[in-house]
Amino acid sequence: MIRLPEKAALLISQLESHGHEAFIVGGCVRDGLLGRAPNDWDICTSASPEEMKRCFSNLRVIETGVKHGTLTVLAEGEPFEITTYRIDGEYSDSRHPDQVLFTSDLREDLSRRDFTINAMAWHPQTGLVDPFGGARDLKRGSIRCVGKPEKRFREDALRIMRAVRFAGQLGFRVDAETDRALYQCCPLLDKIAAERMRMELDKLLCGAAAEKALRDYREIIAHFIPEIRPMFGLDQKNRHHIYTVWEHTVRAVSQIPGKPLLRLCAFFHDIGKPDSMTVDEDGCGHFYQHEILSEALAGQAMKRLKYDNDTQETVLAVIRSHSIVFRPDSKQARRLLGKLGEERLRLLIELELADVKSQNPLYQEERVANISAFREKMEEVLAEDQCFSLRHLAINGKDLLCLGIPQGPEIGRILNVLLEQVVEEALPNEPDALKEAARKV
Ligand code: ATP
Ligand code: MG
């Protein structure tokens, strides 16, 4: 039984009252049966887009993809995608069907869908329509293509990455025949647009079972992020690190909260370790300045995957800083708040916690305690609105002009010197003291 939102049920009834069929379909049926909250409620219908428009003349309709039979209908402001039953024509490019044909047969529509667990439809009265054994595969925790896996991956290679992503989200295993085809068809991933790969990667990384999926499908991921391959199996030869670089990375990803920015930070944070590794005469491994190399390699991969600039900059800034050793020290907290800003510093704290928890447990307790104590200091600095940036400084550029310092870059330089002294507690954050000091800078 799926608990259908009332608005979706109303849209289905409205289509039916005009003589059409309508069902919820795809991801929401899968998630509904699993008792998970669906991302969106997709509806499929026997009505053509023109018929849908007539049927919903009382509602706002957005023509999202009329060619593919998709309209977005706004029910009291909430958008629902409604798509005409369709069959995809031949795929000659491993990406898009050459043509899309509408059909009045729900089963034909279900047969074009990627996996059995995604190829089910459901109706509040009729119940489940499941021609390919999707419900059984859901119970077994199995990801299996509808039809011949190799053919389906040749049609649209993104499905390879979708299989891995569903494994990471649902903790499912890929069925044996589908699994073989994953590897056979993997080179076809080259044809897939970076944006589509990126969206699947984000969902995979944020999945509850990302840890196992990254371990099991590292070769698939390395196909489009080859920078990760040198991490596989690399023994760090260091008492702090009992795992290979890749195993450490996988664990760090699963330790950090499941938000895309954080998971990306964890995924890429040590990607520069292999190239920066040195082994000393005692046989101990070192990774001096690996965070700089990690930043460069992560930047290269994220750019190729077309991450937006904000995401790239944030992730790279956090990675660049991840070797900082936190101490319970308000000066350090103010310095880092000034340098990174609150948002990035919070991300960095999460990254370092996940990092430490994925290293030798012998040293964990003390390091986690230090990071947590630092975090408390940071919270104190923020709560007390202590001075860590120019906006907190008790004087500004105008005050310096009044002191007779001429307009120009000198003003900024002096303010920054004063700020540094306040942050370091060498000066109180008071106008008179600051003005006095400004004359001597
Ligand atoms: P999510 O929870 O991430 O939204 P989803 O399964 O709903 O997962 P969508 O990308 O929203 O994924 O697609 C909706 C449905 O469309 C899928 O459940 C599946 O039936 C079908 N589908 C999506 N992408 C493909 C594809 N590349 N090949 C075949 N069918 C697909
Ligand atoms: Mg969906």
Output for the stretch 6-28, where each listed residue is within 16 Å of ligand 2 (Cβ to nearest atom) and in a helix (DSSP H, G or I) = 8, 27, 28
Members of the stretch 36-58 found to be more than 11 Å from ligand 1 (Cβ to nearest atom) and either outside the structural domain of residue 115 (by TED's automatic domain parsing) or not in a helix (DSSP H, G or I) (or both), listed by number | 43, 45, 46, 47, 48, 56, 57, 58
So, first residue among the charged types (D, E, K, R) in the stretch 279-303, second residue in a strand (DSSP E or B), Cβ within less than 7 Å, six or more apart or across chains; the pairs are 280/286
Residue ranges of helices (runs of 4 or more DSSP H) in the stretch 304-365 with at least 1 members among the polar types (S, T, N, Q) and without any contact (Cβ under 8 Å) to a residue 60 or more places away in the chain = 309-320, 330-340
Would you check if there is a residue in the stretch 94-112 being open to solvent by less than 50 Å² (accessible area, probe 1.4 Å) and assigned to a strand (DSSP E or B)?
-> yes
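Here's the yes/no breakdown for (1) surrounded by 16 or more Cβ atoms within 10 Å (Cβ to Cβ); (2) modelled with pLDDT of 95 or more; (3) over 22 Å from residue 211 (Cα atoms); (4) away from ligand 2 (no atom under 16 Å from the Cβ):
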| position | (1), (2), (3), (4) |
| --- | --- |
| 140 | no, yes, no, yes |
| 144 | yes, yes, no, yes |
| 162 | yes, yes, no, no |
| 166 | yes, yes, no, no |
| 171 | no, yes, no, yes |
When you go through (1) open to solvent by 40 Å² or more (accessible area, probe 1.4 Å); (2) closer than 29 Å to residue 287 by Cα; (3) at pLDDT 95 or above one by one for residue 358, which number turns out not to apply?
-> (1)
With respect to the numbered conditions (1) in contact with a Cys (Cβ under 9 Å, 6 or more places away or on another chain); (2) crowded, with 20+ Cβ neighbours inside 10 Å; (3) of a type in the set (D, E, K, R), which one is the sole condition not fulfilled by residue 21?
-> (2)
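Go over the candidates 51, 63 one by one and state the one that is of a type outside the set (A, V, I, L, M), under 21 Å from residue 126 (Cβ atoms), without any contact (Cβ under 8 Å) to a residue 40 or more places away in the chain and away from ligand 2 (no atom under 15 Å from the Cβ). Spell out how you get there, then give the answer.
On the way: 63 fails: under 21 Å from residue 126 (Cβ atoms).
Checking each option against the conditions leaves just 51.
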Which residues, counting only those in the stretch 26-35, are open to solvent by 20 Å² or more (accessible area, probe 1.4 Å) and more than 9 Å from ligand 1 (Cβ to nearest atom)?
-> 33, 34, 35
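Please count how many residues of the stretch 248-272 are open to solvent by 10 Å² or more (accessible area, probe 1.4 Å) and within 22 Å of residue 300 (Cα to Cα).
Here is the first cut: in the stretch 248-272, the ones open to solvent by 10 Å² or more (accessible area, probe 1.4 Å) are 251, 254-255, 257-263.
Among the residues that remain, those that are also within 22 Å of residue 300 (Cα to Cα) are: 259-263.
Within the stretch 248-272, residues that are open to solvent by 10 Å² or more (accessible area, probe 1.4 Å) and within 22 Å of residue 300 (Cα to Cα) number 5.
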Tell me which residues, restricted to the stretch 168-210, are within 25 Å of residue 136 (Cα to Cα) and within 19 Å of the chain's Cα centre (by Cα).
-> 168, 169, 170, 171, 200, 203, 204, 207, 208, 209, 210
Residue 106 fails exactly one of (1) away from ligand 1 (no atom under 15 Å from the Cβ); (2) under 18 Å from residue 13 (Cα atoms); (3) in contact with a Ser or Thr (Cβ under 9 Å, 6 or more places away or on another chain), namely (1)
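The values are calculated or read from the model by the stated rules, or taken from the named source; none is laboratory data. The shown structure was predicted, so the numbers you read here are calculated from the model rather than taken from an experiment. Neighbour counts are summed over all protein chains in view; Cβ atoms, including those assigned to glycine, are modelled from backbone coordinates with ideal geometry. Only protein heavy atoms, including side chains, enter the accessible area calculation; ligands, DNA and RNA are left aside. Shrake-Rupley method; radii C 1.70, N 1.55, O 1.52, S 1.80 Å.
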